[in-house]
Amino acid sequence: MKFQSILQAATDELRHISNTQLTLELVAELPLNSGAGSIYKNSSAQNTSQHYWIPWTEEMGAWIDANGHHAILVVVESAPIENIQGSPVLCFAAHIAATCLGLQGQIALHANVVALDGVAIAFAGCSGKGKSTLTTYCVSRGASFVTDDVLVVNDQGQVRPGSPRIKLFPHTGESFGLDASETTTYKIHYAIEQLGITPQNQSFPLGTIYLLEESDRIYIEQLSPSQALLDLLIHSYHVTEIMPDQPSLFYAYTNLVAQVSVKKLFYPRSFESLPKLYDFLQTETHSFTPQLL
């Protein structure tokens, strides 16, 4: 099958994050290809089943069952394989997995995580906020890599390790001494072994979630529980859309912000500021003790 390697790559990425079963369907055209990364609910009048559609590119999208246990990767049959493979399908697979976790009633945030002295700290924010750059620098200084892009935390406050790769813009990868010769229209996915570290197989207690913001100096702002809840829902994967199918999610997020510190982290977006920022985060980490949820 033309796209069998695409399905395998997506399945491999997904299995690090969720237990969702993924299959492939080839079509002449997508049911909807606008609103990339959005989610649309669809109900079948014939069998009253419910499922969700997520468009990703003009040539790729996915159907997800309402229970989050099965997803169908939908690809336009005439699409050139180079438009699908690599970064596009790996990023989409992580997005599918995180959405499925929400439909299963689990917390999944758009965040990166490292561990300092055995305590997990998360960097949340929209794409382009510097999550992966900051993560890579922290790892280069000795922090443990936990996950990139999808933060999964259980009801005991433990962060599960995610896919053992990190995605960086080519110029950022090059700045860290990584091979940036791969041709891509977005980011390069680097195996974390390329950073000189080995994958984690243990969970870490979650200490603080930092929402990244740009500033000319480094400082933090503690958020109230209500503001923290709002911001975490914004930085989740379609929680507000799927919460009617999973009302327990609201209580899960409410419990999370009651137990875990959520702060805005302001810092200059430059490589020169990263050493000082890392030292700041180390001092911050030493100042708290994670609580069990």
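The values are calculated or read from the model by the stated rules, or taken from the named source; none is laboratory data. Note that the structure is predicted; figures quoted are calculated from it, not measured. Glycine gets a Cβ as well: all are built from the backbone with ideal geometry, and neighbour counts include every protein chain shown. Surface accessibility is based on the protein's heavy atoms, side chains included, excluding ligands, DNA and RNA. Shrake-Rupley method; radii C 1.70, N 1.55, O 1.52, S 1.80 Å.
For C100, are the conditions met, namely being among the hydrophobic types (A, V, I, L, M, F, W, C) and open to solvent by 10 Å² or more (accessible area, probe 1.4 Å)?
On the way: among the hydrophobic types (A, V, I, L, M, F, W, C): yes; open to solvent by 10 Å² or more (accessible area, probe 1.4 Å): no.
Criteria not met by C100.
Contact list please: Cβ distance under 8 Å, first residue in the stretch 1-22 and open to solvent by 80 Å² or more (accessible area, probe 1.4 Å), second residue part of a loop (DSSP other than H, G, I, E, B), pairs at least six apart or on different chains.
K2/E77; N19/H69; Q21/H69
Any chance the stretch 131-150 includes a residue that's in a strand (DSSP E or B), open to solvent by less than 10 Å² (accessible area, probe 1.4 Å) and under 26 Å from T57 (Cβ atoms)?
Among the residues of the stretch 131-150, at least one is in a strand (DSSP E or B), open to solvent by less than 10 Å² (accessible area, probe 1.4 Å) and under 26 Å from T57 (Cβ atoms), which makes the answer yes.
I'm trying to understand the selection: among the residues of the stretch 79-127, which are over 30 Å from K2 (Cβ atoms), in contact with a strand residue (DSSP E or B) (Cβ under 8 Å, 6 or more places away or on another chain) and among the polar types (S, T, N, Q)?
Scanning the stretch 79-127 gives Q106, N112.
Does A62 meet the test of being at pLDDT 90 or above, open to solvent by less than 70 Å² (accessible area, probe 1.4 Å), outside any strand (DSSP E or B) and under 21 Å from C100 (Cβ atoms)? Can you show your working first?
Numbers: at pLDDT 90 or above: yes; open to solvent by less than 70 Å² (accessible area, probe 1.4 Å): yes; outside any strand (DSSP E or B): no; under 21 Å from C100 (Cβ atoms): yes.
Judged against the criteria, A62 is not a match.
Any residue in the stretch 251-271 that's within 23 Å of F204 (Cβ to Cβ): show its pairings with residues that are among the β-branched types (V, I, T) and part of a helix (DSSP H, G or I) at Cβ separation under 8 Å, as long as the two are six or more apart or on different chains.
Close Cβ pairs (under 8 Å, with a partner that is among the β-branched types (V, I, T) and part of a helix (DSSP H, G or I)) amount to Y253/V239.
Report, by residue number, each residue of the stretch 262-288 that is more than 13 Å from I218 (Cβ to Cβ) and open to solvent by less than 60 Å² (accessible area, probe 1.4 Å).
Keep residues of the stretch 262-288 that are more than 13 Å from I218 (Cβ to Cβ), which gives 262, 271, 285-288.
Within the stretch 262-288, V262, T285, F288 qualify.
Just to be sure I understand the filter: pairs with C-beta atoms under 7 Å, separated by 6 or more residues or on different chains, first member in the stretch 121-132 and closer than 23 Å to F204 by Cα, second member among the aromatic types (F, W, Y). Which pairs pass?
Close Cβ pairs (under 7 Å, with a partner that is among the aromatic types (F, W, Y)) amount to I121/Y210; A122/Y210; F123/Y210; A124/Y210; K131/F123.
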